[in-house]
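Q: Input: one structure, supplied below.
The values are calculated or read from the model by the stated rules, or taken from the named source; none is laboratory data. Every value quoted in this text rests on a predicted model; they were computed, and no experiment measured them. Every residue, glycine among them, receives a Cβ derived from its backbone with ideal geometry; neighbour counts consider all protein chains shown.
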Amino acid sequence: MLALCLILGFFALIVGLLCAPVIVRAEYDKKLTAKARWLFLEFALIPGAEKKPKKKKQEKQEEEKPKEEKPKKEGPGALQRFYQNQGIPGFVELLERTVEALKKFRHGLWLCLKIRELRLLMVIQGGEPDKLIEKYGKTCAAVFPSLGWLASHLRTKKGCVRAQITPDFTGFAEKELAAAAELSVCPLLLLGALIALLARLGIKVLLKFLNGAKQPPKKQKAASGS
């Protein structure tokens, strides 16, 4: 009897911990950062924690290479490469594909997912004024319905989903894209819908993102020019 009580108490503890929401916050402003918080624990997701090199390895490197080496310049990340190759239309297509994937699993996500904050800032640039207005209209027609679906079909705080899209006729805007999102997820309810959702996002969104990040900018410019 005591063993049974201990087992039931152990499972009740696990269930209680899985019911505690995980809060994930991501921000993009020239670079992507993301962190997660669960109970009193906080983790940096992007970028990850830096690993400290061991002292022995440092001493060997100093003996072998007495001269100081110049720090290597880090290349652009996958998100930055995707933005350089695909631009804002690529992000808009990713948003549409993500929303389309969420529509298939909205019932399970409605229970386990809550949008605490979603802010989006876009500045449309380039081209003649008439072409810029046309580009601005297409972007608004793609972004606002998607955000409207998120606000109406997922649990959200009132007024937490906001977007600002402005055309820039001067070409002096400092940034073209900035975004921030904060979600709370119930791990226990998420397990049921997670496998199927990740499979669909991997096919529809991740493959598109990887292909867009690999495509060189020259091909993208040639395609847009034709």
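Q: In the range 131-155, what residues are more than 17 Å from Arg97 (Cβ to Cβ), assigned to a helix (DSSP H, G or I) and among the charged types (D, E, K, R)?
A: Once the filter is applied, which keeps residues that are more than 17 Å from Arg97 (Cβ to Cβ), assigned to a helix (DSSP H, G or I) and among the charged types (D, E, K, R), the range 131-155 yields Lys131, Glu134, Lys135.
Q: Another one. Would you call Pro129 in contact (Cβ under 8 Å) with a residue 12 or more places away in the chain, closer than 19 Å to Tyr83 by Cα and not acidic (Asp, Glu)?
A: For Pro129, the condition - in contact (Cβ under 8 Å) with a residue 12 or more places away in the chain, closer than 19 Å to Tyr83 by Cα and not acidic (Asp, Glu) - is not met.
Q: Being of a type in the set (A, V, I, L, M), over 26 Å from Cys19 (Cα atoms) and modelled with pLDDT of 80 or more, is that true of even one residue in the range 167-177?
A: Yes, there is a match, as at least one residue in the range 167-177 is of a type in the set (A, V, I, L, M), over 26 Å from Cys19 (Cα atoms) and modelled with pLDDT of 80 or more.
Q: Run Arg106 past the list (1) modelled with pLDDT under 75; (2) under 17 Å from the mean Cα position of the chain (by Cα) and report the number of the one that doesn't hold.
A: Tallying (1) modelled with pLDDT under 75; (2) under 17 Å from the mean Cα position of the chain (by Cα), Arg106 fails exactly one: (2).
Q: In this structure, is Lys135 at pLDDT 80 or above and surrounded by fewer than 16 Cβ atoms within 10 Å (Cβ to Cβ)?
A: Spelling it out, it is not the case that Lys135 is at pLDDT 80 or above and surrounded by fewer than 16 Cβ atoms within 10 Å (Cβ to Cβ).
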